[in-house]
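Participant: This is the structure, below, for whatever I ask next.
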Amino acid sequence: MKQTAYTKKVGLLSIVGAVLMTGVPSPAAEDPVSRRQADMKAMAAAAKTISGMFKDPAAYKASEFKWAADTIRDKSGSVLSAHFGSEADSRQSKAGPNILKERERFDRIANDLGDYAVALDAAAQNNPGPMSASMRMKPGEAMGGGPLGTHVRDEQELLAMPAEHAFHLMLQTCTTCHAKFRME
Ligand code: HEC
C-alpha cells in the first residue's frame, strides 16, 4: 500500500505507543497469560491518563485522550475475549475458572468495554480544543445504567451522554468483570 503522510503518522504513533505501553520486554512476554496481563496493564495506564484529564481539565489533550481511548478499544471486545479462549492456566493467572462456563456474559462485558471506549474516542474527536463543558458530568447527574449497572442498551444514548459519564461506566465495567471473573 502506498504510504500517505497519514498512514506514516499513524504507523509511527502506534510504534511509539507500543514501546511506551510495553516497557521493558519481559522474558515471559510470549505466553498467553503474560500477554493478557500486559494488555490489562496497558488498559489501566490508559484509563489513568483519561482520569487525570477529567481531574485536571487543563491537562486535556484531545490526541492523548483519543489515543488512550483507542488503546482500550483495541484491547476490548473480541481481542479481550480471545485472550481467555482456553484454559491457559498458570499459577500466575488470576483468571476465574468460570470464564469458560459463562462465556456469553464475559464476552458481553468485554464488548461493553469497547462501546464505552468508542464513545470516548468520539468525544475526543468532537472536542479537538480544550475540554468542553459538554464532556463533563453536571453536578448531581444520575450515574449508572439501571439496576444491573453498566450494560449498554443504546448506542445513541451512549454517544449523547457526557464523556465523563461514559468513562465512569467504563470503569464500572472493569470492576464488574473483575468482581465476577478475576480471583483475588
Ligand atoms: C471481560 C472481563 C474484563 C474486563 C472488561 C476487564 N478486565 Fe482486567 N482482568 C480480567 C481478568 C480475568 C484478569 C486476570 C487475568 C490473569 O491473571 O490471567 C484481569 C486482570 C487485570 C489486571 C492485572 C494484570 C496483571 O498484571 O496481573 C489489571 C491491572 C486490569 N485487569 C485492569 C483492567 C482495566 C483498567 C479494565 C478496564 C479498562 C479491565 N481490566 C477490564 C478481566 C477483565
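Participant: Being at pLDDT below 95 and among the polar types (S, T, N, Q) is the filter here; which residues of region 60-108 pass it?
Facilitator: S86, S90, Q92, S93, N98
Participant: I'd like the residue in region 100-116 that is near the ligand (Cβ under 8 Å from one of its atoms) and buried (at least 20 other Cβ atoms within 10 Å of the Cβ) and, out of all such residues, is farthest from the chain's Cα centre (by Cα).
Facilitator: Per the stated criteria, the residue is F106.
Participant: Only one of these conditions is not met by T71: (1) under 19 Å from K41 (Cα atoms); (2) surrounded by 19 or more Cβ atoms within 10 Å (Cβ to Cβ); (3) near the ligand (Cβ under 9 Å from one of its atoms). Which number is it?
Facilitator: The failed condition is (3).
Participant: Name the residue, out of Q37, Q3, that is at pLDDT 55 or above and either in contact with a Gly (Cβ under 8 Å, 6 or more places away or on another chain) or over 24 Å from H168 (Cβ atoms) (or both).
Facilitator: Result: Q37 is the single residue among Q37, Q3 that is at pLDDT 55 or above and either in contact with a Gly (Cβ under 8 Å, 6 or more places away or on another chain) or over 24 Å from H168 (Cβ atoms) (or both).
Participant: A further question follows. So, in region 54-77, how many residues would count as being of a type in the set (S, T, N, Q) and either touching a His at 6+ places or on another chain (Cβ under 8 Å) or closer than 14 Å to D39 by Cα (or both)?
Facilitator: Residues that pass the stated criteria total 2.
Participant: Say whether the condition of being within 13 Å of the ligand (Cβ to nearest atom), at pLDDT 95 or above and under 19 Å from the mean Cα position of the chain (by Cα) is met by at least one residue in region 120-127.
Facilitator: Yes, region 120-127 contains a residue that is within 13 Å of the ligand (Cβ to nearest atom), at pLDDT 95 or above and under 19 Å from the mean Cα position of the chain (by Cα).
The values are calculated or read from the model by the stated rules, or taken from the named source; none is laboratory data. No experiment lies behind these values; they were computed from the predicted model shown. Please note: Cβ atoms are built from the backbone with ideal geometry, for glycine as well, and neighbour counts cover all protein chains shown.
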